[in-house]
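Reading through the structure tokens given below for one structure.
The values are calculated or read from the model by the stated rules, or taken from the named source; none is laboratory data. Note that the structure is predicted; figures quoted are calculated from it, not measured. Neighbour counts run over all protein chains shown; Cβ positions are idealised from the backbone, glycine included.
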Amino acid sequence: MVKYLITAALCLALNAGINAQTTPIQSRPYPQNYFRYPLDLPPSTAGSFGELRPAHFHSGLDFKTNQRTGYPVHAVNDGYISRVRVQFGGFGRAIYITHPNGYTTVYGHLQSFSPAVAALVKAYQYDHQTYEADFNLQPTQVPVRKDEVVAISGNAGASAGPHVHFEIRDTKTEETINAQLFGLTIPDRVPPTITSIGIYHLNGNPFSEKTPREFLPIIGAAGNYHLTKPQTLHLSGYVGFGINATDMNSTSANHNGIYSIELKLDGQTVYTFTVERFAFDQTHAINAYIDYPAFTSSRRWMQKCFILPGSHISLYPQSINRGIITFDDDALHEVEYVVKDVAGNTSTVKLKVQSSKYTPAANKIAGTLFHYDKKNEFSTDKVKVTIMPGNLYDDLDFIYSVSPKPASGFSQVHHIHNRLTPIHDNYDLWIKPDADLGAFADKAVIVSTIGACQGGFFEDGYVKSKVTSFGDYFIKIDTIPPVIHALNILNGKNMAAAKSINFRIGDNMSGIKSYAGTIDNKWVLMEWDYKSKILSYTFNGDIAPGKHEFKLNVSDNKNNFSEFKAEFYR
């Protein structure tokens, strides 16, 4: 018979006080009517909390700003600015406000800060001679009141368009929480859309790209969905299910993420997923939540409704046998998905499953068995791989092979499993060069055959690096300095009418490590824009009329240096 166990206590914990139509599943209550919206605009979002993104769950709400910058950003309640950050990518410019009720709010992709914060940022940048800044403030330095303008909305950092990224975090744990659970709701009468389901024949084996799977298209509307080709599914053994679902709200045409998924077997919930809150060190576990092989090979966002044993993230409030169902009783069963958005709009799809007797087959291991919960080591006379516990989501049939050295390489190509298995954080990869590196030992790096540099250093006869993915790797030498391309300055030019001095900089292998500009040997602030990739110094009135000398020094991660020098007139 189908094996599952659910206790009355678990049912009560999940459903106590929950209205199935309107109230989202959540582990605890959150204060209502305490925080205001950060913008004086009708609330509309381009991105939802927990939305699926490459390598992470989206950590906040992306409030739209009419596709332009320049709107006042308000403190959502009393508190103090506790952290300020300026970075090349990411949020670009961001502030953090700590509130007395135990929560911290975050505002990202800002165009500019309030004058008080801008002065602190400028002082930090000049004191540390760096554009990027990340520092904490004391409660008495910049207190703020509810409604106070703390910044201007922008498009800074790794933003796809003008908007304000907004988060509410638990101040103590730093977990990020779905802001709509605090009453900052978005008008929404649109139920989620379901486009396909996945069926995974696990049969007691670790999940991998070799797991037999099938994807079935779904059609429907107004929350009622069914298989495009109605049928009874004949399944036996250990089976996992998946679903492809997105959501829209009433204010935007964007396809965003859903809030919760329940998988039911004959009316009993065996798996629950809900985007209530999560910690940032868990967010890479999205690669355990989705069908990572399907995403990597075909960009299919299939959300697995079973939990890999090495996945530890707080988005799974409940499961029975990790959501894996055993069909072995010759009976007809009903499998149901219940998908909701945070407003309570619901979509469902039901499947008929004819179960049959099942005899498990013995597992076959072609390579070396790695365990997700143990330290795993593999070595030959040319390579060493060490994976610590917490970096695999399931046991792994680890496969290794080697191929000849490339023309530009200093080692053979080592095929470290394959790119269809994710790594949560990183693992140690050591590769031995095929010949003495001599004077170039400190220039050695590990690179992939697709051109991605993994860094590295030479020690004990190996080039060693911490690598974030499986793939095909070998050793190269980086002796080429960064490239500096001046866009609007040359030696002897009159720059009186120019607002800025602009460059493009780049590196062919190990990547830019640092850059520094000076005018008349005095350090000046230069900003490297993430989207345009233009490095610029903006004239601010500090440069007197007359002749000046500009210098730009750029280094890469293997300490290769380039310098640009030009005299100009102002």
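Selection of the range 444-491 for residues being crowded, with 17+ Cβ neighbours inside 10 Å, outside any loop (DSSP other than H, G, I, E, B) and of a type in the set (Phe, Trp, Tyr) yields Phe458, Tyr462, Tyr473, Phe474.
In a residue-by-residue description of the range 149-165, the property of being under 30 Å from Ile307 (Cα atoms) and not small (Gly, Ala, Ser) applies to at least one position. Being under 16 Å from Phe370 (Cα atoms) and of a type in the set (A, V, I, L, M, F, W, C) is the filter here, so list the residues in the range 413-445 that pass it. Of everything in the range 413-445, those that are under 16 Å from Phe370 (Cα atoms) and of a type in the set (A, V, I, L, M, F, W, C) turn out to be Ile416, Leu420, Ile423, Leu429.
Cβ-Cβ distances below 7 Å connect no pair with a first residue in the range 512-534 that is farther than 17 Å from Lys122 by Cβ and without any contact (Cβ under 8 Å) to a residue 12 or more places away in the chain, a second residue that is in a loop (DSSP other than H, G, I, E, B) and basic (Lys, Arg), and a separation of six or more residues or different chains.
Count, please, the residues in the range 412-428 that happen to be assigned to a loop (DSSP other than H, G, I, E, B), farther than 16 Å from Gly455 by Cβ and not aliphatic (A, V, I, L, M).
Taking the range 412-428 as the starting set, the residues that turn out to be assigned to a loop (DSSP other than H, G, I, E, B) are 412, 417-426.
Keeping just the survivors that are farther than 16 Å from Gly455 by Cβ gives 412, 417-422, 424.
Then drop every residue that is not not aliphatic (A, V, I, L, M), which leaves 412, 417-419, 421-422, 424.
Result for the range 412-428: 7.
Would a scan of the range 378-395 turn up a residue that is among the acidic types (Asp, Glu), crowded, with 16+ Cβ neighbours inside 10 Å and more than 26 Å from the chain's Cα centre (by Cα)?
The first filter runs over the range 378-395 and keeps only residues among the acidic types (Asp, Glu), leaving 381, 394-395.
Narrowing the set further to residues that are crowded, with 16+ Cβ neighbours inside 10 Å leaves 394-395.
Now drop any that are not more than 26 Å from the chain's Cα centre (by Cα), which leaves none.
No, the range 378-395 contains no residue that is among the acidic types (Asp, Glu), crowded, with 16+ Cβ neighbours inside 10 Å and more than 26 Å from the chain's Cα centre (by Cα).
Highlighted here are the strands (runs of 3 or more DSSP E) found entirely within the range 250-338 that include at least 2 residues which are of a type outside the set (A, V, I, L, M), in contact (Cβ under 8 Å) with a residue 24 or more places away in the chain and under 22 Å from Ile218 (Cα atoms): 260-265, 268-274.
Under the condition of being exposed (fewer than 15 other Cβ atoms within 10 Å of the Cβ) and of a type in the set (S, T, N, Q), the residues counted in the range 492-520 number 3. Screening Tyr238 on (1) over 30 Å from the mean Cα position of the chain (by Cα); (2) closer than 18 Å to Lys352 by Cβ; (3) part of a strand (DSSP E or B); (4) not acidic (Asp, Glu) shows it passes everything except condition (2).
Pro115 meets the conditions (1) within 17 Å of His74 (Cβ to Cβ); (2) surrounded by 13 or more Cβ atoms within 10 Å (Cβ to Cβ) in every case but one. The failed one is (2). Among the candidates Glu214, Glu209, the residue that is more than 26 Å from the chain's Cα centre (by Cα), in the same structural domain as Phe306 (by TED's automatic domain parsing), acidic (Asp, Glu) and modelled with pLDDT of 95 or more is uniquely Glu214.
Restricted to the range 101-189, the set of strands (runs of 3 or more DSSP E) holding at least 2 residues that are under 19 Å from the mean Cα position of the chain (by Cα) and more than 30 Å from Ser347 (Cα to Cα) comprises 103-108.
Remark: Ala516 falls outside the filter, which requires a residue to be assigned to a strand (DSSP E or B) and more than 30 Å from Ala118 (Cα to Cα). Only one of the numbered conditions (1) surrounded by 13 or more Cβ atoms within 10 Å (Cβ to Cβ); (2) not in a strand (DSSP E or B) is violated by Pro545, and that is (1).
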